[in-house]
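K.L.:
Got a structure for you, questions after.
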Amino acid sequence: MVNNNLGVKEQIQQNLQKRNKRLMEKAVPALLFTAAFISVLTTIGIVLTLVFDTMQFFRHVPFWEFFTSTKLSPLSREPSFGILPLINGTIISSLIAMCVAIPIGLTSAIYLSEYASERVRKLVKPMMEVLAGIPTIVYGFFAYSFVTPLLAYIIPDLGAKNVLSPGIVMGIMIIPLVASLSEDAMSSVPNSMREGALALGATRLEVTMKVIIPAAISGIIASFVLAVSRAIGETMIVTIASGSSKNFTFDITESMQTMTAYIVEFTSGDAGSGTVGYYSLYAVGFTLFVFTLVMNLIAQYISRKFREAY
Amino acid sequence: GGGNNSGGNAGTNEGAQNNTPSTGNNSAANSEEPVEENLSGAVIIDGSGTVYPLMARIAEEYMSTKQSGVSVQVGRAGSSAGFKKFIPGELDFADASRPIKDEEIEQLAENGLTMDDVIEIKLAYDGLTMVINKENDWATEMTKDEIVNMYLSGHYAADDVVKWSDIRPEWPEEEIKFYGPNENHGTYEFFYEVILEKQDLVATANLQQEYSTLVDLVSKDKNAIAFFGFGYYVSNTDKLTAVKVDFGNGPVEPSLETIGEDLAYAEFTRPVFTYLNGQYAKEKPQVLDYAYYVLEAAPQFAGETGFAPMPDAILAEYKSQLDALK
Amino acid sequence: MIRISEKEGTAVVADAKREIVIDTKALNLWYGQDQALKNISLQMSEKQVTAIIGPSGCGKSTYIKTLNRMVEMNPLVRINGQILFKQRDIFHRNYSVEELRTQVGMVFQKPNPFPKSIYENVAYGPRIHGIRKKKLLDEIVERSLKNAALWDEVKDRLNENAYGLSGGQQQRLCIARTLSIEPEVILMDEPTSALDPISTLKIEELVQELKKDYTIVIVTHNMQQAARVSDQTAFFLNGEVVEFNDTVTLFSNPNDQRTEDYITGRFG
Amino acid sequence: MIRISEKEGTAVVADAKREIVIDTKALNLWYGQDQALKNISLQMSEKQVTAIIGPSGCGKSTYIKTLNRMVEMNPLVRINGQILFKQRDIFHRNYSVEELRTQVGMVFQKPNPFPKSIYENVAYGPRIHGIRKKKLLDEIVERSLKNAALWDEVKDRLNENAYGLSGGQQQRLCIARTLSIEPEVILMDEPTSALDPISTLKIEELVQELKKDYTIVIVTHNMQQAARVSDQTAFFLNGEVVEFNDTVTLFSNPNDQRTEDYITGRFG
Amino acid sequence: MKQNTEQVSRMKNRLLLNQVMKYTFFLLTLVALGVLAVLIVQVFTQGIGWLNWSFLTSKLSLNPERAGILGVIVGTVMLMIVVGPVTMVLGICTAIYLEEYAKKSRFQSFIQTNISNLAGVPSVIFGLLGLTVFSRMFGLGSSILAGGLTMSLLVLPIVVVASQEAIRSVPQFLREASYGMGATKWQTIRRIVLPAALPGILTGMILSLSRAIGETAPLVVLGIPVLIMPIPSSIMDDFTALPIQIYYWTLDAVLTPEYANLAAATIIVLLIVLFVMNSAAIFIRNKFQKRY
Ligand SMILES: Nc1ncnc2c1ncn2[C@@H]1O[C@H](COP(=O)(O)OP(=O)(O)OP(=O)(O)O)[C@@H](O)[C@H]1O
Ligand SMILES: Nc1ncnc2c1ncn2[C@@H]1O[C@H](COP(=O)(O)OP(=O)(O)OP(=O)(O)O)[C@@H](O)[C@H]1O
Ligand SMILES: [Mg+2]
Ligand SMILES: [Mg+2]
Ligand SMILES: O=P([O-])([O-])[O-]
């Protein structure tokens, strides 16, 4: 077995001496770093965009009034800018959504994680993914053209635009999120826990309620918090189905406006120039940003603690 | 939609210079220009929601039969919102359901545009229409004063919670739900300035950006009343009832036969406008071309979109103004 | 409370007069196509320790998990044959697995306390079986922990999380948890293999103590352990019972050549 | 092509006249605070097979990975001491790891072909080192596979995925891949421990063949294997070289008591 | 536990409760899927009659009888032509940097936190960013480019996370094998890691595009006009896209009821596109799963 001399060794040696290879090794990380930095720039961009014009806004409107006034009429001759009606609309629609998403999402998660056979799971999970993948505009259309008329049939007093219908539909949209994150949390509880409880003669239900859910609770709560954050940030469903009434009310059969819907309304109406109304867009956007950011940070914190548990 | 900058149009001038022979058909137009160019670029229009159906109809016809390369974009932010964009030069045309105000003219001047550069075009007549729910069988006829009074802040109740029975005792004792377009809209200002004579609107009035939302809200609420242009009523006669207004000579139903400066519905009649930025018309051939087309098509499509057409004489006058721009 | 006072001799000749608690008859078990248990027949007597030994993969865990039907958690499993627990067929449809498991407790290879307090771990069983009274629960917890020889070490920290305990303590906690519902039989699948020698010794002593009240089946890899703690031993190989005899006899005088090879360390 | 015609005697007395290819001088290595190699000094001669034996955790893998500086992929690692490869200090800053690794190839414990075709696996090395010509690549692939005794088995399926091969074939493919760039030295870290006996035999025969052209360092758990294939053997214990000698001497007449204990199976 | 009659009856109750709850859980799971079914049936019955060849191949119009969505489809496709490459390049580069170069550094955890927070920012806020930066500051107006860049930033976290996961799941021994041949880091990444991670990356890519195709709010905020008749021909043109057209038609359905049917028909098109894309993602995921 002789080394038939193909000059391979020599070629390799020559190639190793080439400089451009070394250059590549230096240039590539720099390029990649630049790309990675874009995501940081995006965040900076968002914050700067919001902060600048929000500051403009607070030159005209007192901070205190913005956060305490229940009167929002940005276009009147004597405009008033109280964000409370929007926060109220946002919270109420999100609460309705949670009332739908949490029970159904959590029970789906329990069913899939603790009861369903492998076959059922293989069937149901992709369907949940489909549900999660439907664009929100489709849900908006569904809320407007199906759920609102259906609800009006049940509740004759229901306004043509109301917060109930988009709230419910938002809840449906969020079910897969709650279901899949809670299921992850529950199925990551080690099987030995299940076995330990079952060996004591516990039924599936007792295992789930008294061992699995308590063990997975922080993961489950994190999924709820993320769901709230999603509901707060959801735009199209509420824009289409909940109208743009700026009244401060708790009546869920009436029209309300969320922060997101306000932004849409304002950009499709009067986004043209530097009026106070235009700046209010950014003040509302900034509030919305802070709301969701806080929610996300809470969720991250909870689920990080959760991961430390085992 | 908002936020369009007209900067995008500037670059298209060159493309428009290409004198490729016309392939467009000359439909009903008896244009004075012997050869039609193939134009391109955009024409940006925003403003009145009342005018929107008419202007959108004209735009579509223009794009499908005259210049398929030109993109005419019609928004409906409201007359006031339209002027706000028109003033800094974001628009080629600003539609309006009220005339431009002095303060807006001043702002124009600050942006280097005098009224000589702006051509005001009266497109058609609109009748402000009071609409109620189909199930409302009592308020189908009202006097002008009743309408004014019910919308006046503090006239019936200090907290502006007005009941139908406040107006006529035999009417139901239920709260009236007042609706209307918001302050972006010329219709609001017409109502406030001309009809209410600048007295405050009831505080309970629910003002909306989109006319479609208003139609929706009134059609689902028995106690609702709203006001907007006749066009939005005629396309929804199955959902809404128009109030017949008694101006002193018996109730008048708004219709193309009654809307007009000298006709029975005259008191609630107003012209609707579009304002052309003359500088852009000079710079951008597609804008000028479209302006000619608007004059030609406005009377043609006014009827089907719920407007009474302008007399030909007035339109001829505008045409000569356009000719002067060349 | 020193419970392990004197070490008794462990090698007890199988006692014919004792009641047979678990009677396995011609048991076969498959995972899908693979047969893991072949025609197993074994009797376990009351208050005796039965050790199950054999090389890895011979079916020890499978067999012991069949005794409380935990093996059926795997949907692939198919079983035929019979197991009688105190004369009742455990596979009979009127016999719920929950009922069976209350009577046949199990301790696992790796300690698996719940992520709860020590107290709650032991109280879990009684609670799900409907015992609510705080006082009764307190008593049960104390008694179980004492019987598992853990009480003295944890009595001042009952409300701390069970994960703060050492491995050996966790395993005794799991035993206490099993004792809390007073089963008849305790199954133990290599209960000491994850533990250090000292903890192992403690558990072995505990088994000696527990057999006064319970019937015990213990799987072990460690032949010394089997010899030390059990009364009878079954030697499994490839899913079959090669030899089943009282422990002294099996280790001193095996009948089968394969048993001898295994206990002298020639394979496995 | 029958290459393995006759088995040569493996026990060759260390040949003083051979050139020393790898010279390790007083090498120390730490993982963070833990010292894994202590004052290692070893010489490996040209075209000889050096076996490294020792119980688990003694530092065999760490040492062999130091020879091609793969050990430095772990950021915790700190090294002092010297390794000369053909008189050049491999830790010198002018000596790039890429250059070192082209000359000191490595075969791993678990076969680790790339998820590519057989052909592409072997052509990978030449390609990254700038060889583009299809014809030359074909020749290299064929020669390397022949030298790794794999050609006959795969020549008709060069474009199939390497993961379709058996474990033993995969390991020979990895050897072929190493040969493709014609290194001076081949490091093998327990190259047969994941393989069946027949594949192991094939690899052992291959090592015998390869040492005609290459210097080989082989880590093994299996003392018979060390005795069969190597010319010299180093016995590691707790990060130290206890004994280093020609294989025949080390196995027949160990100098150190610990070596004797280990090779007679008394521990490890 | 010692048996007594109370125990036995309790056992019966416990078992019953377990069964009851099992079916309750199952039924509630079905509710979610039931809604999905209702939604799809509703949209299809309303829209399928309007979905025909001429609807797909003609231009927009105010007249519902004549309206078609050719320009809308072209707009969506061109939007994806911007989003695809931009997201792909940024996403993969970021993922490589985080997984291969910045591993375990402070900078990595900073960017990682940043990305997961970005993933939770409401899309309407991205719209404001796009409006302020791309539309106004860069003067891109409501062009395809402005929309595409906004969308790219919006879906970037999806691609980054998916690519990171794919890169992480490439076994370390493949990298070692390559380094052992004297390959440099970049050679190893380019020739070994990326090809092995490609299926995972592609799956993430498809999922991010399908998110971008359905997003509406950022485009509304950018100010897409209601009626655009010319078919866009360059990325500097104004455009309209499937979701925004659905939005406008839904909004105007009050005035012209047939618009609701057009919206439904457009939704069918959108759902079919998404279905095909997601199937492709699942196919890729299953086909190339775990080959080592
Ligand atoms: N979940 C399973 N699916 C399929 N086969 C299984 C499963 N569990 C065990 N087996 C097979 O059944 C046989 C017996 O396994 P079992 O776990 O009972 O062995 P064991 O004696 O407990 O071994 P060890 O001492 O390693 O715990 C083995 O061949 C094993 O491969
Ligand atoms: N990545 C690492 N980090 C910290 N310590 C390590 C690491 N790798 C190995 N060690 C330690 O270094 C010592 C030597 O390990 P090494 O892997 O070299 O042993 P080995 O002889 O190859 O053992 P085996 O035969 O099991 O492969 C061991 O004590 C081990 O715990
Ligand atoms: Mg076992
Ligand atoms: Mg090793
Ligand atoms: O939309 P307006 O016509 O009322 O301005």
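The values are calculated or read from the model by the stated rules, or taken from the named source; none is laboratory data. Note that the structure is predicted; figures quoted are calculated from it, not measured. We place every Cβ from the backbone using ideal geometry, glycine too, and count neighbours over all the protein chains shown. Please note that ligands, DNA and RNA were not included when accessible areas were found on the heavy atoms of the full protein model with its side chains. Shrake-Rupley method; radii C 1.70, N 1.55, O 1.52, S 1.80 Å.
K.L.:
Select from the range A:39-86 the residues that are farther than 23 Å from B:ASN206 by Cα and of a type in the set (Gly, Ala, Ser) and write down the one among them that is modelled with the highest pLDDT.
P.N.:
Once the filter is applied, the top-ranked residue is A:GLY45.
K.L.:
Among the listed residues B:ALA302, B:ALA291, B:ALA281, which satisfies the condition of being under 15 Å from B:PRO53 (Cβ atoms) and either among the aromatic types (Phe, Trp, Tyr) or surrounded by 14 or more Cβ atoms within 10 Å (Cβ to Cβ) (or both)? Walk me through how you get there before you give the answer.
P.N.:
Details: B:ALA291 fails: under 15 Å from B:PRO53 (Cβ atoms); B:ALA281 fails: under 15 Å from B:PRO53 (Cβ atoms).
Criteria check complete, one pass: B:ALA302.
K.L.:
May I pose another question? Return the residues of the range B:126-140 that are part of a strand (DSSP E or B) and either without any contact (Cβ under 8 Å) to a residue 12 or more places away in the chain or touching a Gly at 6+ places or on another chain (Cβ under 9 Å) (or both); say none if nothing qualifies. Spell out how you get there, then give the answer.
P.N.:
Narrowing the range B:126-140 to residues part of a strand (DSSP E or B): B:126-133.
The answer is B:ASP126, B:GLY127, B:LEU128, B:THR129.
K.L.:
Could you grab me the full set of residues in the range D:64-80 that are in a loop (DSSP other than H, G, I, E, B), touching a strand residue (DSSP E or B) at 6+ places or on another chain (Cβ under 9 Å) and either within 14 Å of ligand 4 (Cβ to nearest atom) or within 10 Å of chain E (Cβ to nearest Cβ) (or both)?
P.N.:
Just the residues of the range D:64-80 that are in a loop (DSSP other than H, G, I, E, B), to begin with: D:68-69, D:74-76.
Those still in the list that are touching a strand residue (DSSP E or B) at 6+ places or on another chain (Cβ under 9 Å) too: D:68-69, D:74, D:76.
Residues satisfying the conditions are D:ASN68, D:ARG69, D:ASN74.
K.L.:
In this structure, does E:ILE158 turn out to be open to solvent by 20 Å² or more (accessible area, probe 1.4 Å), β-branched (Val, Ile, Thr) and over 20 Å from B:ALA56 (Cβ atoms)? Talk me through it step by step, then tell me what you get.
P.N.:
On the way: open to solvent by 20 Å² or more (accessible area, probe 1.4 Å): yes; β-branched (Val, Ile, Thr): yes; over 20 Å from B:ALA56 (Cβ atoms): yes.
Judged against the criteria, E:ILE158 is a match.
K.L.:
Then there is this: Report whether or not E:ARG10 is modelled with pLDDT under 95, more than 30 Å from A:TYR144 (Cβ to Cβ), assigned by TED's automatic domain parsing to the domain that holds E:ARG191 and among the basic types (Lys, Arg).
P.N.:
no
K.L.:
Looking at this structure, is B:THR213 facing chain A (nearest Cβ under 10 Å) and outside any helix (DSSP H, G or I)? Walk me through how you get there before you give the answer.
P.N.:
On the way: facing chain A (nearest Cβ under 10 Å): yes; outside any helix (DSSP H, G or I): no.
No.
K.L.:
While we're looking at this one, here's another question. Condition check: open to solvent by 10 Å² or more (accessible area, probe 1.4 Å) and over 21 Å from E:ARG175 (Cα atoms). Does D:SER61 satisfy that? Show your work before the answer.
P.N.:
Details: open to solvent by 10 Å² or more (accessible area, probe 1.4 Å): yes; over 21 Å from E:ARG175 (Cα atoms): no.
So D:SER61 does not fit the description; no.
K.L.:
Do you know which residues across the range B:58-97 are surrounded by fewer than 24 Cβ atoms within 10 Å (Cβ to Cβ), part of a loop (DSSP other than H, G, I, E, B) and more than 7 Å from every other protein chain (Cβ to nearest Cβ)?
P.N.:
B:ILE87, B:GLY89
K.L.:
Same structure, new question: Looking at E:THR87, E:THR113, E:THR132, which is the one that is assigned by TED's automatic domain parsing to the domain that holds E:TYR248, modelled with pLDDT of 95 or more and more than 30 Å from E:SER58 (Cα to Cα)?
P.N.:
Details: E:THR113 fails: modelled with pLDDT of 95 or more; E:THR132 fails: modelled with pLDDT of 95 or more.
Being assigned by TED's automatic domain parsing to the domain that holds E:TYR248, modelled with pLDDT of 95 or more and more than 30 Å from E:SER58 (Cα to Cα) holds for just one of E:THR87, E:THR113, E:THR132, which is E:THR87.
K.L.:
Find the helices (runs of 4 or more DSSP H) located wholly in the range A:88-175 whose residues include 3 or more that are open to solvent by 20 Å² or more (accessible area, probe 1.4 Å), and list them. Before the answer, list the steps.
P.N.:
Numbers: elements: A:118-133, A:136-142, A:148-154.
In the range A:88-175, the matching helices (runs of 4 or more DSSP H) lie at A:118-133, A:148-154.
K.L.:
Pick from E:THR150, E:THR203: which is crowded, with 22+ Cβ neighbours inside 10 Å, touching a residue at least 24 places away in the same chain (Cβ under 8 Å), away from every other protein chain (no Cβ under 11 Å) and not aliphatic (A, V, I, L, M)? Reasoning before the result, please.
P.N.:
On the way: E:THR150 fails: away from every other protein chain (no Cβ under 11 Å).
On inspection, the qualifying residue turns out to be E:THR203.
K.L.:
Against the condition open to solvent by 20 Å² or more (accessible area, probe 1.4 Å), touching a residue at least 24 places away in the same chain (Cβ under 8 Å) and among the aliphatic types (A, V, I, L, M), how does C:ILE181 come out, does it pass?
P.N.:
No: the conditions fail for C:ILE181.
K.L.:
Which residues, taken from the range E:167-195, are open to solvent by less than 10 Å² (accessible area, probe 1.4 Å), of a type outside the set (Val, Ile, Thr) and either touching a His at 6+ places or on another chain (Cβ under 9 Å) or farther than 20 Å from D:LEU187 by Cβ (or both)?
P.N.:
Answer for the range E:167-195, where residues must be open to solvent by less than 10 Å² (accessible area, probe 1.4 Å), of a type outside the set (Val, Ile, Thr) and either touching a His at 6+ places or on another chain (Cβ under 9 Å) or farther than 20 Å from D:LEU187 by Cβ (or both): E:MET181, E:GLY182, E:ALA183.
K.L.:
Looking at this structure, is B:LYS177 away from chain A (no Cβ under 13 Å) and open to solvent by 20 Å² or more (accessible area, probe 1.4 Å)? Break it down stepwise before answering.
P.N.:
Details: away from chain A (no Cβ under 13 Å): no; open to solvent by 20 Å² or more (accessible area, probe 1.4 Å): yes.
Judged against the criteria, B:LYS177 is not a match.
K.L.:
Report, ordered by the first and then the second residue, all pairs with beta carbons closer than 6 Å, sequence separation of six or more or different chains, a first member in the range D:104-121 that is without any contact (Cβ under 8 Å) to a residue 40 or more places away in the chain and under 18 Å from D:GLY167 (Cβ atoms), and a second member that is open to solvent by less than 20 Å² (accessible area, probe 1.4 Å) and within 16 Å of ligand 1 (Cβ to nearest atom).
P.N.:
If the second residue must be open to solvent by less than 20 Å² (accessible area, probe 1.4 Å) and within 16 Å of ligand 1 (Cβ to nearest atom), no pairs are left.
K.L.:
Could you figure out which of (1) more than 9 Å from chain A (Cβ to nearest Cβ); (2) of a type in the set (A, V, I, L, M); (3) open to solvent by 10 Å² or more (accessible area, probe 1.4 Å) isn't true of E:ILE268?
P.N.:
(3)
K.L.:
Being modelled with pLDDT under 90, within 8 Å of chain E (Cβ to nearest Cβ) and open to solvent by less than 60 Å² (accessible area, probe 1.4 Å) narrows it down to one of A:LEU16, A:LEU32, so name that one. Steps first, please.
P.N.:
Numbers: A:LEU32 fails: modelled with pLDDT under 90.
After applying the criteria, what remains is A:LEU16.
K.L.:
Another question about this same structure. Give the residue that is most open to solvent (accessible area, probe 1.4 Å), with candidates limited to residues of the range D:94-129 that are outside any helix (DSSP H, G or I), facing another protein chain (nearest Cβ under 10 Å) and over 27 Å from D:LEU201 (Cβ atoms). Before the answer, list the steps.
P.N.:
Step one: of the range D:94-129, the residues outside any helix (DSSP H, G or I) are D:94-96, D:104-117, D:129.
Then drop every residue that is not facing another protein chain (nearest Cβ under 10 Å), which leaves D:96, D:104-116, D:129.
Next, only the ones that are over 27 Å from D:LEU201 (Cβ atoms) stay: D:96, D:115-116, D:129.
On the way: D:SER96: 20, D:PRO115: 25, D:LYS116: 52, D:HIS129: 1 Å².
Looking at the filtered set, the residue picked out is D:LYS116.
K.L.:
All but one of (1) of a type in the set (Lys, Arg); (2) closer than 27 Å to D:GLN48 by Cα; (3) within 14 Å of chain A (Cβ to nearest Cβ) hold for D:ARG132; state the number of the condition that does not hold.
P.N.:
D:ARG132 satisfies all of (1) of a type in the set (Lys, Arg); (2) closer than 27 Å to D:GLN48 by Cα; (3) within 14 Å of chain A (Cβ to nearest Cβ) except (2).
K.L.:
Take the conditions assigned to a helix (DSSP H, G or I), away from chain A (no Cβ under 11 Å) and within 30 Å of E:ILE167 (Cβ to Cβ) and apply them to E:ILE189. Does it pass? Spell out the reasoning first.
P.N.:
On the way: assigned to a helix (DSSP H, G or I): yes; away from chain A (no Cβ under 11 Å): no; within 30 Å of E:ILE167 (Cβ to Cβ): yes.
No, not satisfied.
K.L.:
Could you count how many residues in the range D:31-84 are within 9 Å of ligand 2 (Cβ to nearest atom) and not polar (S, T, N, Q)?
P.N.:
18
K.L.:
Hey, another quick one. Please go through the range C:40-63 and pick out each residue that is within 14 Å of chain A (Cβ to nearest Cβ) and either over 12 Å from C:GLY239 (Cα atoms) or within 16 Å of ligand 4 (Cβ to nearest atom) (or both).
P.N.:
None; the set is empty.
K.L.:
Okay, moving on. Let me spell it out: the conditions are (1) more than 14 Å from ligand 5 (Cβ to nearest atom); (2) buried (at least 17 other Cβ atoms within 10 Å of the Cβ); (3) not in a loop (DSSP other than H, G, I, E, B), and B:ASP145 meets all of them except one. Which number is the exception?
P.N.:
(2)
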